[in-house]
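Novice: Here it is, the structure, as structure tokens.
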Amino acid sequence: MPKWGQLVGDVLLQILNRLSFVDVQRAKTVCSHWNSVAKQLKLYTKFHRIPWLLIPPQDEESNASSDTNTKLFSIEDGQLYSSKYAASKEICCQSFCVGSSHGYMISINCERNNLFVFNPLTEKRTELPAMDTFLGFYRGWTCSRQLREHFIQKAILSCDPCHNKSYGVVLICCQNSRIAFCQCGDSGAMSWMYLEGMDAPFVDIMCHENKLYVLANCGSLAVWDLGSDSFPVSTKTITSLFSCASLRQTLNVSSDLYTSRLYLVESSGGVLLVVRRIGEFVDEEGRVLHEGDLLTDKAAEPLVCAYRTLLFGLFRMDFDKETWVSMTSLDDQAVFVGGNHSASVLTCDLPGCEKNSVYFTDDYWERMNEDYLYGGHDMGVFNLKDKSVKHFYQLDALKIQPPPCWFLPNPW
């Protein structure tokens, strides 16, 4: 019989690097040698580069399944997995996720007015400094969800903490959507600071190769250098970007029927802008209605027409010309957007992941809790070639609270 436990480490490492995340976890249980070699995969990123869908335990207002366990859905094999960690259930129930980045969840606990960084696979947790100086009139709120909807719009990490012990936490926060930054390291987390240099409000943030990219709602793009251990340094600001005709047309079409959300995504070393168009009131046939059309003479109650994502636009930053350039295809790539640190992946080695597509989760915080019948439901995959939207995971209700989010499995 072959002595698989004695397989040369370098050869085994190359084999494991070609497996899916689930198969690597199974291989780690074969023997201590395989488990030791698998730990070296943290130097590689391919096998866990495809995000999973993390479905938190649902609260009392949700009309989805009453399962109290955290679920993880894999696009690669189409399977649903339960989290084995009790702490992840406790954290999801007592706090509210405000961001997902590099395999870590950034969550807020309103009882202590603090944020913490948490890996749901390893249970590694880092407390962040109190936000008392930021809270202002939000201090009286006692619900993490309220703080999530109105105080913190997004949170990301500057890099993977398992590769770099010194990393930053970046927020879009406060009523005017400013940028806040906190440096973490071996000595703990430093205090929060605002990043100045470009006018708020801001709509999205992205970190790549020690640079922070910040997008303003007018289309301006600012870049900060994160190479310093103390605080970011502003290096570039590009303004008046929405002069691009195709981008302006994408944003302005039927503005009374649609709303837009903008995302920055790193792709092959470049910076992409993904424009998401959400119909405010969409019926079962996919028609976008005016709010007044929900009231009819034949029905005693208004029609229930939830908001729904119907279209995406795609643009690439030309740093030489300092403008956004329209794109029609992602080719062999797919992007993942929502409340997470946006990500792009090459689909050629990822079974189950559709190329030239945008995978999205619900991050319409402004309307997510306006109706007890829907909210958190707006998920799917948009094909850029045929402009179609379909489900990649079928939920059993329109009210999903807290909403699912993308999560990059990071078992280190």
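Rule-based calculations on the coordinates, nothing more; no lab input. If you're wondering where the values come from, they're calculated on a predicted model, not measured in any experiment. Positions of Cβ are backbone-derived with ideal geometry, glycine not excepted, and every protein chain shown enters the neighbour counts.
Novice: Plugging the Kirkwood radius over Cα pairs into Stokes-Einstein for the range 356-412, at a temperature of 37 °C and a viscosity of 0.692 mPa s, what D comes out in µm²/s?
Specialist: Values: Rh = 12.6 Å.
Value of D from the Cα-based Kirkwood radius: 260 µm²/s.
Novice: OK, next. What is the distance in Å between the Cα centroid of the range 197-215 and that of the range 275-351?
Specialist: 22 Å
Novice: Another question about this same structure. Fully extended, how many nm does the chain gain between residue 49 and residue 390 (0.36 nm per residue separation, minus their Cα-Cα distance)?
Specialist: Numbers: separation 341, 0.36 × 341 = 122.76 nm, distance 2.24 nm.
Answer, rounded to one decimal: 120.5 nm.
Novice: Computed from the mean reciprocal separation of all distinct C-alpha pairs, what Kirkwood hydrodynamic radius does the range 289-412 have, in Å? Can you show the working numbers first?
Specialist: Working: mean 1/r = 0.0594 Å⁻¹.
Taking every pair of different Cα atoms in the range 289-412, averaging 1/r and inverting gives 16.8 Å.
Novice: Give me the orientation-averaged projected area of the Cα convex hull of the range 282-361, in nm², one decimal.
Specialist: Values: hull surface 34.3 nm².
Averaged projected area of the range 282-361's Cα convex hull equals 8.6 nm².
Novice: Would you work out which of 398, 356, 307 lies farthest towards the positive end of the dipole of the range 281-404? Charges go on Cβ: Lys and Arg +1, Asp and Glu -1.
Specialist: About the Cα centre, the residue reaching furthest to the positive side is 356.
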